[in-house]
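The values are calculated or read from the model by the stated rules, or taken from the named source; none is laboratory data. What you see is a predicted model, and the numbers here were worked out from it, not measured in a lab. We place every Cβ from the backbone using ideal geometry, glycine too, and count neighbours over all the protein chains shown. The accessibility values were calculated without ligands, DNA or RNA, using every heavy atom of the protein model including side chains. Shrake-Rupley method; radii C 1.70, N 1.55, O 1.52, S 1.80 Å.
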Amino acid sequence: MLNIYNVNSLVHWEERDIKLRDDFVRFFSDEMASFLRSTNPAWDIRRVEAPTLIPRNLVSDAYSNSDIWVQKRMSNTEAELVLRPETTPSTYAYMQHLLGNHSRTRLPLCVWQAGKSYRREQDQSSKHVRLKEFWQLEFQCAFTADSGNDYHAAALEPVRRMIASVIHLPTRIVPSDRLPAYSEVTMDIEVDNGDKWMEVCSISRRTDFPQRYRSHPKKGPAIDHDVAVLEIAIGLDRCLYNWNIAASR
């Protein structure tokens, strides 16, 4: 990655890295589909691409205006938009659209995105890869909270192996140093690049899906379920950064 602007946290990516990122997206998405369907063949897995501009009211209150890039409103009637700090709200909106408008869509449902997000990160040197504009690959995997499957625990080692198979550096699974309000448990996958153990992926069991799910058994009345979400969030920029370190050795 190149810091041509001489502004911390704003980088150019060259063609080799762009192609490698595309390869990561294809490989990780294929591996995730294989993992999910090995735990339950019923998983419905779909990709979506959403605008990077998002209504301000969909962004978590955990982000203040000092954390995100906010559009200046030109009139009181103009929608208040921000550059999204994460892909989750737009993925959730699409999942609600599917579940609410398509009678054949059922849980478990996984919707994933690969795209850019934006945060007002403090200026740091490039080796920390805390970018103001960065690539995320996020899988939001929704299932009924009363499911007997512990998808979170089942995902940890397969995802670690998946990342280790393309970034040829030591990897480990550790408890996250922060537990977001929406998560019951969050574990991180870190890579040892010789300078530090760097987080490249987080795996959470989220409890903030904005609606309940109604199932319709063949016999008996409909049943309303709380929804849990297995979130697997991969930092593609950090994967590229560490892959390049390994390749240079």
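Tell me, which residue of the range 96-139 that is in contact with a Leu (Cβ under 8 Å, 6 or more places away or on another chain) and part of a helix (DSSP H, G or I) is least open to solvent (accessible area, probe 1.4 Å)? The qualifying residue least open to solvent (accessible area, probe 1.4 Å) is LEU98.
Residue by residue, here is whether (1) closer than 20 Å to LYS132 by Cα; (2) under 17 Å from the mean Cα position of the chain (by Cα) holds:
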| position | (1), (2) |
| --- | --- |
| ASN8 | yes, no |
| GLU14 | yes, no |
| ARG21 | yes, yes |
| ARG37 | no, no |
| PRO41 | no, no |
| VAL48 | no, yes |
| ASP67 | yes, no |
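For the range 25-46, a tally of residues being touching a residue at least 40 places away in the same chain (Cβ under 8 Å), out of contact with any helix residue (DSSP H, G or I) (no Cβ under 6 Å at 6 or more places or on another chain) and not aliphatic (A, V, I, L, M) returns 6. Looking across the range 8-23 at every residue that is open to solvent by less than 60 Å² (accessible area, probe 1.4 Å) and assigned to a loop (DSSP other than H, G, I, E, B), the one that is modelled with the highest pLDDT is identified as TRP13. Within the range 190-249, being under 25 Å from ARG104 (Cβ atoms) and more than 23 Å from the chain's Cα centre (by Cα) holds for ARG214, SER215, HIS216, PRO217, LYS218, LYS219, GLY220, PRO221, ALA222, ILE223, ASP224, HIS225.
Residues that are open to solvent by less than 70 Å² (accessible area, probe 1.4 Å), assigned to a helix (DSSP H, G or I) and not aliphatic (A, V, I, L, M) within the range 28-41 comprise PHE28, SER29, PHE35, THR39, listed in sequence order. Just to be sure, is MET187 over 18 Å from LEU236 (Cβ atoms) and of a type in the set (A, V, I, L, M)? Considered against the rule, which asks whether it is over 18 Å from LEU236 (Cβ atoms) and of a type in the set (A, V, I, L, M), MET187 comes out as yes. The number of residues in the range 150-191 that are among the hydroxyl-bearing types (Ser, Thr, Tyr), open to solvent by less than 50 Å² (accessible area, probe 1.4 Å), assigned to a loop (DSSP other than H, G, I, E, B) and more than 20 Å from ALA228 (Cα to Cα) comes to 0. Counting only strands (runs of 3 or more DSSP E) that fall entirely inside the range 42-95 and contain at least 3 residues that are in contact with a Lys or Arg (Cβ under 9 Å, 6 or more places away or on another chain) and either within 30 Å of PHE143 (Cβ to Cβ) or among the aliphatic types (A, V, I, L, M) (or both), the qualifying elements are 81-83. In the set ASP30, ASP17, ASP44, only one residue is of a type in the set (Asp, Glu) and over 23 Å from LEU109 (Cβ atoms); that residue is ASP17. If I go through the range 71-95 residue by residue, how many of them are farther than 26 Å from PHE209 by Cα and buried (at least 19 other Cβ atoms within 10 Å of the Cβ)? Within the range 71-95, residues that are farther than 26 Å from PHE209 by Cα and buried (at least 19 other Cβ atoms within 10 Å of the Cβ) number 0.
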